[in-house]
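The values are calculated or read from the model by the stated rules, or taken from the named source; none is laboratory data. In this text, all values refer to a predicted model and were calculated from it rather than measured experimentally. Cβ sites come from the backbone with ideal geometry, for glycine too, and all protein chains shown count toward neighbours.
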Amino acid sequence: MTDPGPAEKDRRIAPVPATKMKTTLLVLATLVVYVLHQDVWFWTSARPLVFGFLPIGLFYHACFTLLCSLLMWLLVRYAWPEHLEREAELPHEDRRP
Amino acid sequence: MIPTLIVLAYLGVVVYIGVFAFRRAHGKEEVEDYFLASRSLGPFVFLMSLFGTNMTAFAILGSSGHAFANGIVTFGLMASSSALVIPLTLLLVGTRVWALGKRYGFITPVQLFRDRWETSHVGTVIFAVQAVLLVPYVIIGVMGGGTTLEAVSGGRVPYWLGGALVALVVMTYVFFGGMRGTAWVNTFQTTLFLGFGAIALVVIGWGMGGFSRAVEAIAASPQSFLLTRERVSPLYFLSYTFIPLSSIAFPHITIFCLTARRMTQFRKTVILYPLCIAVIWLPCVFLGVMANRASDVPEIQEKLEARRTLSAESATLAPEARDALRAKTAADDVLVLLLNRYAPLWLAGLLGAGIMAAVMATDSQILALSTMFTEDVFAHYEGKTRFGEAAQVHTGRAFVIGLTVLAYVIALRLPEGIFVVAIQYAFTGFAALAPLLLAALFWRGSTKWGALASTLWVALGVVGIAALNAAVPAPPPGQATAVWSFAGQRLLERTAGGISVLGLLPVVPMVLISALLMLVVSALTPKPSPETIARYFPPGG
């Protein structure tokens, strides 16, 4: 079995070129996730207790972190700043003032 | 005795890893190797080390202590907001900083600012503000080490010795290993404390006879607010989402972004970062809340008793008595107390080592300050030209020793509370410095005068908040004292937690005004040369 190499290992999160529509949708998705952080609907309620012990407000925010991870996957896949990789490969020039 | 020995053995392992990293880099006295590990970190070390660098003692000790007093709201305030904002800033800002650093050889954020805005002295002002905001972290790290080692050893290792040991260990591996040693130690430590939460949850849950009864008991008690967010306004909750902006503006995080071997290293870090936050914070916050039902831990009962007295009699108490009671309610040690009560000795030792791992995240701040001093001051003001590159690395190492010894001496002489408060200001200050990075990287119209205006505003704002907090006595929890009203509207209030502005944390106006100053002053002042702007904003980029 040969080593698939870093490029192949990164295949599932490899960037896909962004279009204007995709960019707009990703910005919207990010804003929606930001709004979802303000879950006023569970503000004063501890119940239901998920698994019998986890207050719903805490469970919601645990799920929110998973949603953040999913959002980051989408951003990495569809909004990866590939041009920066190319720019970094241009001839080195020490500009430390 | 067993937990103490395990923690001491752990400290030995940490030193070994740092020295091992030094041996790998032996013979290389280049600046980039010592301060940036030759920009060579792979994906796993990059993720673990970056996460560990961001998660200070607060992630384990402070989160459970905050949750003990405030309940589950702690997770939403600090963890889930960071889970969104920090990876987002790494993706948008961190990758750009990495690319510019690789192309132009930058080692510190101030070098980037100096080049981007064609300035020398404004960079020095930014350096000074960053350094002043960062130093309290180093001091609090030494203090945290002393306190934790004393608690884990049951008092066998006194505070002064614990602090000295932790300072010596951190100093040794930062001195020898530089960024490479720090990154490898952080990776080891992060792996350890990622496992810490889950194990602690199982062991303490088992010891308490399960959590269901404890949660039901809290829900039926006057402490039921611990299971909801009813004591926090939605506006206040919202303002906490500004705090994680500080992460990318912290110099040790910006500098760390330069250590990746390839930009693709950011991909997994950005995606997995929120999950790592959940793994650490969820158990710590939940256990902090559960500590309220640990009726068989006398030290926790004393804290609860002090809280009850404070709540019932606060209005009639003298300020000194109120302060004394507040000190008794301090709860950063609840997790250690739970472990001492419910975990077997050997496991308490291992978990204590996990806590030490979080406390010792101060290494990155020491290295960052050393890097900033040698690059932004020593090298910038001709030290490197006159004495050579090797002398610059030696200066960096000497700075590490000097700073650690100074932090230890201060830690022995001054109360911890001062620095805990200073760190709270530092979060606000660095969040308000974030517009500088954003403007430098994304707005071609930004100027050095805009940057100077924002930086001076941050310095003045932080001093102003500190002065107001000191001048107006804290009211009892749940009440607010008007500091400044206009047309019947309370603009500034002093709450038990500090100053609030229109019901928001001060970080919100600090960030917004900082951004506004950058916009307005930059619009009115001359821009850098077209050549410089073209380098940062290439056509088609």
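Some points to look at:
- Those residues of the stretch B:241-263 which are under 22 Å from B:Ala432 (Cα atoms) and either of a type in the set (Gly, Ala, Ser) or surrounded by fewer than 22 Cβ atoms within 10 Å (Cβ to Cβ) (or both), in sequence order: B:Thr241, B:Ser246, B:Ser247, B:Ala249
- Counted residues, the stretch B:281-300 - those being in a helix (DSSP H, G or I) and surrounded by 23 or more Cβ atoms within 10 Å (Cβ to Cβ): 12
- Residue in the stretch A:54-61 that is exposed (fewer than 14 other Cβ atoms within 10 Å of the Cβ) and either at the interface with another protein chain (Cβ under 7 Å from one of its Cβ atoms) or of a type outside the set (Val, Ile, Thr) (or both) present: no
To keep it simple, each residue is scored yes or no on (1) in contact with a helix residue (DSSP H, G or I) (Cβ under 7 Å, 6 or more places away or on another chain); (2) of a type outside the set (Phe, Trp, Tyr); (3) at pLDDT 90 or above.
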{"residue": "B:Gly181", "(1), (2), (3)": "yes, yes, no"}
{"residue": "B:Thr190", "(1), (2), (3)": "yes, yes, no"}
{"residue": "B:Phe196", "(1), (2), (3)": "yes, no, no"}
{"residue": "B:Arg213", "(1), (2), (3)": "no, yes, yes"}
{"residue": "B:Ile218", "(1), (2), (3)": "yes, yes, yes"}
{"residue": "B:Thr241", "(1), (2), (3)": "yes, yes, yes"}
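- Identity of the residue in the stretch B:232-255, outside any helix (DSSP H, G or I) and within 22 Å of B:Leu369 (Cα to Cα), that ends up farthest from the other protein chains (Cβ to nearest Cβ): B:Phe250
- Considering the conditions (1) touching a residue at least 24 places away in the same chain (Cβ under 8 Å); (2) facing chain B (nearest Cβ under 7 Å); (3) over 30 Å from B:Thr532 (Cβ atoms), A:Tyr78 is excluded by exactly one of them, (2).
- Scan of the stretch B:256-279 for residues that are part of a helix (DSSP H, G or I), of a type outside the set (A, V, I, L, M, F, W, C) and within 9 Å of another protein chain (Cβ to nearest Cβ), ordered by number: B:Arg267, B:Lys268, B:Tyr273, B:Pro274
- For the stretch B:86-106, the set of residues classified as over 28 Å from B:Tyr240 (Cα atoms) and more than 7 Å from chain A (Cβ to nearest Cβ) consists of B:Leu100, B:Gly101, listed by residue number.
- Test for B:Ala131: is it in contact (Cβ under 8 Å) with a residue 24 or more places away in the chain, within 14 Å of chain A (Cβ to nearest Cβ) and either farther than 30 Å from B:Leu335 by Cβ or crowded, with 21+ Cβ neighbours inside 10 Å (or both): no
- Matching residues in the stretch A:44-92 - criterion: being closer than 24 Å to B:Val289 by Cα, touching a helix residue (DSSP H, G or I) at 6+ places or on another chain (Cβ under 7 Å) and of a type in the set (Phe, Trp, Tyr): A:Phe53, A:Tyr60, A:Phe64
- Matching residues, the stretch B:301-325, being touching a residue at least 60 places away in the same chain (Cβ under 8 Å) and surrounded by 14 or more Cβ atoms within 10 Å (Cβ to Cβ): B:Lys303, B:Arg307, B:Leu310, B:Ser311, B:Ser314, B:Arg322
- Residues that are facing chain A (nearest Cβ under 7 Å) and polar (S, T, N, Q) were ranked within the stretch B:107-128; the one that is farthest from B:Trp449 (Cα to Cα) is B:Gln111.
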